[in-house]
1. What is the diffusion coefficient of segment 1-42 in µm²/s, taking the Kirkwood radius over Cα pairs and the Stokes-Einstein relation at 37 °C with a viscosity of 0.692 mPa s?
2. With θ taken as phi - 60° and the coefficients 6.51, -1.76 and 1.60, list the Karplus ³J(HN,Hα) couplings across segment 22-30 in order, rounded to whole Hz; mark glycine and proline as x.
3. Can you tell me the Rg and the Dmax, both Å, for the Cα atoms in segment 47-91?
4. With a bin width of 5 angstrom, please list the P(r) values of segment 124-242 as percents of all Cα-Cα pairs, from the 0 bin to the one holding the largest distance.
5. Using alpha-carbon positions, what is the distance between the centroids of segment 130-189 and segment 70-106, in Å?
6. To one decimal place, what Kirkwood hydrodynamic radius in Å is obtained for segment 1-138 from all pairs of distinct Cα atoms?
7. Relative to the compact-globule scaling 2.2 N^0.38 Å, provide the ratio for the alpha-carbon radius of gyration of segment 192-250.
8. To the nearest 20 Debye, how big is the dipole of segment 26-116 about its Cα centre, given +1 on the beta carbon of each Lys and Arg and -1 on that of each Asp and Glu?
Amino acid sequence: MKSPLLQTSGAVAADAPDQEVAAHYGEPSQEQRALADGRAFVDRSNRGVVKVSGPDRLSWLHSLLSQHLDGLGPFEPTEALLLGPNGHIEHHLFVIDDGEAVWAHVEPGSAAPLAEFLDRMRFMLRVEVEDVSDAYAVITGPGEPAEPAALAWPDVAGTVTRIVPRGEFPEGLRPAGMWAYEAFRIAEHRARSGVDTDHRTIPHEAGYVETAVHLSKGCYRGQETVARVHNLGRPPRRLVFLHLDGSVDRLPAHGDPVEIPGGRTVGFVGSAARHHELGPVALALVKRNVPVDAELLAGGVAAAQEVVVSPETGANAQIDLRRRPAKHG
């Protein structure tokens, strides 16, 4: 469903998967600054919204998703993953419960398949699943991170993301496009499911273990892979942040190869943007054994990497953490 703000003077539609909202409204750099200063909002109404109601909703979702949701407090925002049987990421959900229903916003185009899957898993439990994307939308703008009785999550650059009735936009604020939001997201090293990940990505590779996975909860689909990587070994790939060569007048495209000197491909570019202070930046998924100080080429653009997910993520990192207090105690 295309946003009505695409009819705004100067609006330019974003590339997929955000083609239904604006990339910018004619002033990309100014829009970034306005968003950071609390003077702008971002229309993210292309995202899907799923609602799960019924008395068994939290315990049921707890059994399916990667996050500890049983006993989640009202209006306590969190994140969760729906994994495949082999631990690959299928959906990344931003979750909140309002005391009567669980609300989640998800990537564009994924609300319907997520709701369909959840509906098939209801069995005899007292839950109802609805794709309510036609009635509700996602908006990011200024606000307090812990707003009372609001469907709200803290987000990039000090903003807050809310679920609101579709077509409801903040008053007194200028619109900022997805380029502004994405620049801050990339700079904060936040992977975006389906953009910075692929069909083989597991939670440890993209840094989701810190935000969307509870490592001590009971069994859920894909949990065996999460536990095995966490306890026994390291993931095959890792997310990196890239500082791109600012003298080049283009950004690498999604899916472009990441190469090391000599031309060997070691990964792919997820998302890239021009940050108003940092310059051109990107996120990429590369092989774990790529040296952390290696210079890279991202879609042919020279790039210096910054570690997001450590090559030692997994068993060795956990051993170090356990040993450190004893060593210095």
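The values are calculated or read from the model by the stated rules, or taken from the named source; none is laboratory data. This structure is a prediction, so every number in the text was calculated from the model and none was measured. Note that we place each Cβ from the backbone using ideal geometry, even for glycine, and neighbour counts take in every protein chain shown. Side chains included, ligands, DNA and RNA excluded: accessible areas come from the protein's heavy atoms. Shrake-Rupley method; radii C 1.70, N 1.55, O 1.52, S 1.80 Å.
1. Values: Rh = 10.6 Å.
It comes out at roughly 309 µm²/s.
2. 3J(HN,Hα) across segment 22-30, in whole Hz: 7, 6, 6, 10, x, 9, x, 5, 5.
3. Values for segment 47-91 (Cα only, Rg and Dmax): 11.3, 32 Å.
4. 2, 8, 14, 17, 16, 17, 14, 8, 3, 1, 0
5. What the calculation gives is 17 Å, centre to centre.
6. On the way: mean 1/r = 0.0608 Å⁻¹.
By the Kirkwood definition, the hydrodynamic radius is 16.4 Å.
7. Numbers: Rg = 14.8 Å, N = 59, 2.2 N^0.38 = 10.4 Å.
Computed over Cα atoms of segment 192-250, the ratio equals 1.43.
8. Working: 6 positive and 14 negative charges, 29 e Å.
For this selection, approximately 140 debye.
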